[in-house]
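Peer 1: I have a structure here, written as structure tokens, and I will follow up with some questions on it.
Laboratory data are not the source of any read-out in this text; all were calculated from the coordinates shown. As the structure is a prediction and not an experimental result, all values here were calculated from the model. Quick reminder, even Gly has a Cβ in these numbers, built from the backbone with ideal geometry, and neighbours come from all protein chains shown.
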Amino acid sequence: MIVLFTDFGLNDPYVGQMHAVLACEAPGVPVIDLFHAVPAFNIRAGAYLLPAYARDFPPGTVFVCVVDPGVGSARRPLMLQADRRWYVGPDNGLFEMVRRRAAEHECRVIHWCPPQLSASFHGRDLFAPVAARLARGEIPDSEPVSHFPERRSTESLLVRGEGPGSGPVEISWPDDLAEIIHIDHYGNGISGLRASTLSTEQAIRAGGEVLKYARVFSEVPPGAAFWYENANGLIEVAVNGGSAAARLGLRPGDPLSLILP
């Protein structure tokens, strides 16, 4: 199967255009719309979300991953095979956590090029056709690569609203990110922290409140805020019957502070 993971949203034609290419290039191969609400331009948020949501897909799955504010620049197009799954997309940090956490991986720079390649829509023109070929069992023209830039990058600050005249700020790419990286439509704040790295005795400070752990929503009173391990293994901040984003004023990029028991 082919799985789409993008920041395109669903109000524009971009997802449909990618589906059209995949239907022509890999007819009969199922295409799954996993995530089109990655925070816009936010490469680092996508990098921490991707391994959490990809982990349950079977070997042989091909992921087309497009969070690509540098499209048309000198950044390399990649296909990464990690733990028997393929990931196709830009070399801008989006695959950083998948690569770090994989038991085995091989990365290749894509040399294959379509007859017509737009400057600004490589998801449709390059990454989707490459993914279709991988799903058909072909390896497009490419070469192995072992060098990756150190990820101390400013890319995700494109959406952080630093204000007029402010310069780039260096940020780090830790193995786990104590930060809100996505707000779902319920208002839950999903973080880049794997729950396996914390004890359930630990409290978390978010939006000025100290939150304790609960296993499920029903373990706290209505209106109470708490943290829990979501179904994809990430720490999530929630309110029983309400919106954590509204109650705590959360937005992507807000830090979480860990309070030792």
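Peer 1: At 7 Å along Cα-to-Cβ for each site, give me the label-to-label distance between Arg136 and Arg251 in nm.
Peer 2: So the two model labels end up 4.5 nm from each other.
Peer 1: For Phe217 and Leu117, calculate 0.36 nm times their separation in residues minus their Cα-Cα distance, and state this gained length in nm to one decimal.
Peer 2: In short, 31.2 nm is gained.
Peer 1: Another question, then. Testing the spin-label approximation: label points 7 Å from Cα along Cα→Cβ at Tyr186 and Leu260. State their distance in nm.
Peer 2: Output for this residue pair reads 3.3 nm.
Peer 1: Another question about this same structure. Counting Lys and Arg as +1 and Asp and Glu as -1, each charge on the Cβ, what is the dipole of the stretch 191-253 about the Cα centre in debye, to the nearest 20?
Peer 2: 140 debye
Peer 1: Once you have a ≥ b ≥ c as the square roots of the Cα gyration tensor eigenvalues for the stretch 68-143, tell me rounded if a/c is under 1.5, and otherwise prolate or oblate according to whether a/b is larger than b/c.
Peer 2: It comes out oblate by the Cα gyration axes.
Peer 1: Between rounded, prolate and oblate, where does the stretch 209-261 land on the alpha carbon gyration tensor, with a ≥ b ≥ c its root eigenvalues, rounded for a/c under 1.5, else prolate if a/b exceeds b/c?
Peer 2: It is rounded, given that a/c, with a ≥ b ≥ c, falls under 1.5.
Peer 1: Suppose only helical runs count, i.e. DSSP H with n ≥ 4. What mean residue ellipticity at 222 nm does that imply for the chain under -39500 (n - 2.57) per run, divided by all residues and rounded to the nearest 500 deg cm²/dmol?
Peer 2: When only DSSP H runs of four or more count, the value is -4500 deg cm²/dmol.
Peer 1: A further question follows. Assign one of three labels to the stretch 2-145, namely rounded, prolate or oblate, based on the Cα gyration tensor with a ≥ b ≥ c the square roots of its eigenvalues; rounded applies when a/c is under 1.5, prolate when it is not and a/b is larger than b/c, and oblate otherwise.
Peer 2: Rounded is the answer for the stretch 2-145, as its axis ratio a/c remains below 1.5.
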